[in-house]
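Everything below concerns the one structure shown next.
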Amino acid sequence: MIKLSGISKLYGSVKAVDNLDLTIKKGELFGFIGPNGAGKTTTIKILTGLIKPTSGIASIGDFDLDKDPLNAKAITGYIPDRPTIYEKLTGWEYLIFISDLYGLERQKAELKAQEFLSFFNLDESSNKLIESFSHGMKQKLVISSALIHEPQALIVDEPLVGLDPKGARQVKSLFIDLCKHGTTIFMSTHSLGIAEAMCDRIAVINKGRLIALGGVNDLGLQAGKSRADLEEIFLELTETKNDPQTP
């Protein structure tokens, strides 16, 4: 469903991403972790079409992000780590506006908007200007807007930032349910506990290169720590691995 083939991105002489190969299947909740500066943000920008790779091919579904970006983006939702919203709109107006961008029929758009507002307990605030929302409320609205067109793939960067425990639990349950119904989720996070608890497979990236890939048990074997938790595995991998690990 999501495929990166030989993706590299250079900024001058610096390789932010170095020959990255990943294939994420339909319905998979895929974790993407690494230290600061490892290349996670650059990879996400490539997957969302915000930047182009220096070399390689990125595709979502059957669509090449370079050759057919509009169709690729039409089946993709994106949840950034910092919500940026038109704050002079109400919550309801914003969701309808996003629905219009995706070409949803108005009746369906209104039903989906109400569904998400109810799910995230934003009903009573739906007619208030977004500028009055808390950070957590804005994050819930951004998540709703990313899902309102029922994307086949969801690109996520730190989805639980600013959410209270109830909101975080709602989002985790929502993601798991989406994957059960066929949505593919590519999730970058610094929260190793979330990655360990939720993800089917996890890729570890360091200095732009893939150094490990698999389930937590697979990563443990690659790190030589078969009984360790993901935090211990991650530290071992990123401190000792300098060469790409063949998946």
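Data overview
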{"item": "Some residue of the range 60-79 being assigned to a loop (DSSP other than H, G, I, E, B), buried (at least 21 other Cβ atoms within 10 Å of the Cβ) and touching a residue at least 40 places away in the same chain (Cβ under 8 Å)", "result": "no"}
{"item": "Subset tally (residues that are in contact with a strand residue (DSSP E or B) (Cβ under 8 Å, 6 or more places away or on another chain) and either part of a strand (DSSP E or B) or among the hydrophobic types (A, V, I, L, M, F, W, C) (or both)) for the range 1-40", "result": "26"}
{"item": "Contacts under 6 angstrom Cβ, first residue in the range 110-121 being within 14 Å of Leu147 (Cβ to Cβ), partner of a type in the set (Lys, Arg), 6 or more apart", "result": "Phe120/Lys140"}
{"item": "Residue check for Thr43: in the same structural domain as Arg201 (by TED's automatic domain parsing), within 19 Å of Arg201 (Cα to Cα), of a type in the set (Ser, Thr, Tyr) and in a helix (DSSP H, G or I)", "result": "yes"}
{"item": "In the range 68-86, the residues that are more than 19 Å from the chain's Cα centre (by Cα) and modelled with pLDDT of 95 or more", "result": "Asp68"}
{"item": "Residue match in the range 191-200 (condition: part of a strand (DSSP E or B) and within 25 Å of Gly27 (Cα to Cα))", "result": "no"}
{"item": "Candidate set: the range 88-116, residues that are of a type in the set (Lys, Arg) and assigned to a helix (DSSP H, G or I); chosen: the one surrounded by the most Cβ atoms within 10 Å (Cβ to Cβ)", "result": "Lys112"}
{"item": "Residue within the range 46-60 that is within 12 Å of the chain's Cα centre (by Cα), farther than 21 Å from Glu150 by Cα and not β-branched (Val, Ile, Thr) present", "result": "no"}
{"item": "Identity of the residue in the range 128-168, among the polar types (S, T, N, Q) and either closer than 21 Å to Leu101 by Cβ or within 14 Å of the chain's Cα centre (by Cα) (or both), that ends up surrounded by the fewest Cβ atoms within 10 Å (Cβ to Cβ)", "result": "Gln152"}
{"item": "Cross-chain or 6+ apart pairs with Cβ under 9 Å, the range 1-21 first and in the same structural domain as Gly39 (by TED's automatic domain parsing), then aromatic (Phe, Trp, Tyr) and surrounded by 14 or more Cβ atoms within 10 Å (Cβ to Cβ)", "result": "Ile2/Phe30; Ile2/Phe186"}
{"item": "Within the range 2-43, considering residues that are among the hydrophobic types (A, V, I, L, M, F, W, C) and surrounded by fewer than 21 Cβ atoms within 10 Å (Cβ to Cβ), the one nearest to Asp177 (Cα to Cα)", "result": "Leu10"}
{"item": "Pick from the range 44-59, criterion within 12 Å of Ile2 (Cα to Cα) and among the hydroxyl-bearing types (Ser, Thr, Tyr), ranking: surrounded by the fewest Cβ atoms within 10 Å (Cβ to Cβ)", "result": "Ser59"}
{"item": "Hey, Phe116 of a type in the set (Phe, Trp, Tyr) and over 27 Å from Ile24 (Cα atoms) or not", "result": "no"}
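Residues checked against (1) within 22 Å of Gly61 (Cβ to Cβ); (2) buried (at least 19 other Cβ atoms within 10 Å of the Cβ); (3) in contact with a Phe, Trp or Tyr (Cβ under 9 Å, 6 or more places away or on another chain); (4) of a type outside the set (A, V, I, L, M):
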| site | (1), (2), (3), (4) |
| --- | --- |
| Gln170 | no, no, yes, yes |
| Cys179 | yes, yes, no, yes |
| Ala203 | yes, yes, yes, no |
| Ile211 | no, yes, no, no |
| Gly215 | no, no, no, yes |
| Asp229 | no, no, no, yes |
| Glu232 | no, no, no, yes |
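The values are calculated or read from the model by the stated rules, or taken from the named source; none is laboratory data. From a predicted model like this one, the values you see are computed outputs, not experimental measurements. Methodologically, a virtual Cβ is constructed for each residue, glycine included, from the backbone with ideal geometry; neighbour enumeration extends over all protein chains shown.
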